[in-house]
1. Which cross-chain or sequence-distant (5 or more) residues have an amide H under 5 Å from the amide H of N95, H modelled 1.01 Å from N in plane?
2. Taking neighbour Cβ counts within 10 Å as the exposure measure, how do D89, D157, D105 sort from fewest upward?
3. Assuming 0.36 nm per residue, please report the length gained on full extension of the stretch I24 to D121 beyond their Cα-Cα distance.
4. What list do you get for S143, S78, S70 if you sort them by fewest beta carbons within 10 Å?
5. Calculate, in nm to one decimal, what H163 and T132 gain on full extension: separation in residues at 0.36 nm each, minus their alpha carbon distance.
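Rule-based calculations on the coordinates, nothing more; no lab input. Small disclaimer: the values here were computed from a predicted structure and weren't measured. Please note: Cβ atoms are built from the backbone with ideal geometry, for glycine as well, and neighbour counts cover all protein chains shown.
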Amino acid sequence: MIMEQEHLLEEGEEMIEKVRKHWIVYVNDFLLHAFGCFFFITIASFLASRGNSAVNGLFYGDYGAMILVSFVLLFWTSFFYAWTKNYFDVWYVTNEHIIAINQKDIFERDEAFMELVRIQDVFFEHNGFLATLLGYGQLKVQSAGTEQEFTIENVRDVEGCAHRIMELRDKAQGNGGEQQVASGV
């Protein structure tokens, strides 16, 4: 696997898995913003077709075109902002750490590290019918000794990710196959 964040790896550390959000998150954002854009254009066209000269002049004149284009650009800018926050919110699971990158804003993000040997518990849950059907949900990893907890929402194959993290933790600690994965299903 190719990792965009090679600078985060220590000497001898290798990337095992990249944990990202499920594709339904991106579809949901797209549909929400496309519906908002379509709704605004439909209302503007409806008002203009009613024959109201003030509204008709506003939406079909030069200023009207500028207003419509401005609102469409606002919706699409908002969509790309949401997409960026979701896409760059990622965990890198290596043979030694979990590296959690939390994209807070366009130019602001947090990077946190948790050693696999310090993992105390892994918790996952599916919320709702669609999440259970498509296999996505919330994943939490708690570490021993500190109050640190990593949480990522809407993870694809959340159950498989939880089990793989626990297997890596057991291997790092030298334990056999004793797993303590908690499910909130």
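1. Answer set, sorted by chain and number: E14, I16.
2. Details: D89 20, D157 17, D105 9.
The order, fewest Cβ neighbours first, is D105, D157, D89.
3. Numbers: separation 97, 0.36 × 97 = 34.92 nm, distance 2.68 nm.
Here the segment from I24 to D121 would lengthen by 32.2 nm.
4. Arranged by neighbour count, lowest to highest, S143, S78, S70 become S70, S78, S143.
5. Working: separation 31, 0.36 × 31 = 11.16 nm, distance 1.66 nm.
Value of the extension gain: 9.5 nm.
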